[in-house]
Structure formats: C-alpha cells, structure tokens
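The values are calculated or read from the model by the stated rules, or taken from the named source; none is laboratory data. If you're wondering where the values come from, they're calculated on a predicted model, not measured in any experiment. Heads up, the Cβs are rebuilt from the backbone with ideal geometry, glycines too, and the neighbour counts pull from every protein chain shown. Surface areas here come from the heavy atoms of the whole protein model, side chains and all, with no ligands, DNA or RNA. Shrake-Rupley method; radii C 1.70, N 1.55, O 1.52, S 1.80 Å.
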Amino acid sequence: MARGKSFDEDVAVTRAMEVFWSNGYAGTTPQQLVDALGIGRGSLYNAFTSKHSLYERALRRYFETETVRLIETLDAPGPARDRLRAALQLVVDAALTDDRRRGCLAANAAVEFADRDDEVNVLVRRVFDRQETAFRDTIREGQRAGEIAADVDAGALAALLLATINGIRVLAKAGPDPDRLAGLAETALRAL
C-alpha cells in the first residue's frame, strides 16, 4: 500500500522559494532543498518531478506573495503620488532589511536564465508585466486626478519605475547604501 504524502506541499513550495531566492537555481543543490523542505529526496521528486519544476512553482509563489505586496500598495486608497512613493519605499525598505541581499527572485531568474528557458522567461515577464501595469494604472489615476501632468507618457513612466525598483534591488545586492537607494527612488519620483 502506498504511503500518503507526509508534508504540506504549499509550505514546501514557499520554503523552496526562499532557498532559490537565496542561492539561485544553479547554486541550489537537491540536498539543500531536501534539508529546507524537511522531506526525503524521493518525496521531493515524487511531489515536484524535478528541481526545475519546483523552481517554476517557486517563481509562481514569488509572484503570489512578493509581487502582490507591491500591487496592494499601489492599489491602496489615497493620492496616486503617495501610493507611488510608498511602493518605491517598500522596495527600498525591503532591500535595506534583507541581510541576505537576495534582490528580486524574478530579476535574478532573468539574469540567470537569460533567453535559455522559455517557461522561466514567461514567469519572469508575468511578474514584470504585472508590476508595470500596476504602476501605469496608478500613474493614470494620478493624471485623471490632476496630481500628475496629463501630457506625461504613463507607459514610459511605468517602465521607468519598474527599472528603478529592479535597479534598487540589484544595487542593494552589492551593498545596501540607504542614501543611494533613497536618492534613486526620489529621482524617479521627480519624473512624475
């Protein structure tokens, strides 16, 4: 008689996300995953088929958790400018308090895989597209409310803010300098 699964798959995916986020895909060994998930190697492969399959699920979980925090900040009530400032501050604060200097899992995946993995690139694009859309929608709300100039290209500004948050995360990986990161956020906000 086959034994049932003796672990929570949802918790396992979240733990795997943390391991991949800290080490990257190539830098994560099956043994690190087994240790972090608290399961046997056989259970790892029975539940997730492969390390790559688990990585894809970890990227999806990142979208569901980390990306959603940014979107919730942008979707909160209040003036659009304040929400945009709060979103950039959220990224700066996360970068400054992450003692492991992990950056952004989606950006890390984009760099690690480049154009060598279509499925990973689809997942990465999903994260970036959703963030950019949230920025664009908030900018457009600000334009309708008269907070942001109507003649400014909302799409271009959204792309700038997306590049800014990823730049903040990458710079923080090399050494989190609070003044530098805050200055970068402020400079981007002045474009509004």
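Observations on the structure shown:
- One residue from G78, G38 being closer than 26 Å to V11 by Cβ and not aliphatic (A, V, I, L, M): G38
- Only a single item in (1) surrounded by fewer than 17 Cβ atoms within 10 Å (Cβ to Cβ); (2) of a type outside the set (A, V, I, L, M); (3) in contact with a helix residue (DSSP H, G or I) (Cβ under 9 Å, 6 or more places away or on another chain); (4) modelled with pLDDT under 95 is not met by G175, and it is number (3).
- Filter result (closer than 17 Å to G183 by Cα, touching a Leu at 6+ places or on another chain (Cβ under 7 Å) and open to solvent by 30 Å² or more (accessible area, probe 1.4 Å)) within segment 64-94: R81, R85, L90
- Criterion applied to R61, R102, R116 was being open to solvent by 40 Å² or more (accessible area, probe 1.4 Å) and basic (K, R), and the one residue passing it is R116.
- Failed item, numbered, when T97 is tested on (1) open to solvent by 60 Å² or more (accessible area, probe 1.4 Å); (2) within 19 Å of P176 (Cβ to Cβ); (3) under 13 Å from the mean Cα position of the chain (by Cα): (3)
- Evaluation of D151 against (1) in a helix (DSSP H, G or I); (2) open to solvent by 70 Å² or more (accessible area, probe 1.4 Å); (3) over 20 Å from E72 (Cα atoms); (4) at pLDDT 95 or above (one fails), failing number: (1)
- Candidates I168, I139 - the one that is within 17 Å of P77 (Cα to Cα) and assigned to a helix (DSSP H, G or I): I139
- Selection from segment 74-122 of residues that are among the β-branched types (V, I, T) and free of Cβ contacts under 8 Å to residues at least 40 places away in the same chain: T97, V111, V122
Let's see how each residue does on (1) within 22 Å of L123 (Cα to Cα); (2) modelled with pLDDT under 95:
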site: K5; (1), (2): no, yes
site: A26; (1), (2): yes, no
site: G42; (1), (2): no, yes
site: E56; (1), (2): yes, no
site: E64; (1), (2): yes, yes
site: L74; (1), (2): yes, no
site: R83; (1), (2): no, no
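- A single entry from A163, A188, A182, A158 fulfils the requirement of being surrounded by fewer than 15 Cβ atoms within 10 Å (Cβ to Cβ) and either part of a helix (DSSP H, G or I) or not charged (D, E, K, R) (or both): A163.
- Test for E132: is it open to solvent by less than 50 Å² (accessible area, probe 1.4 Å), of a type in the set (D, E) and in a helix (DSSP H, G or I): yes
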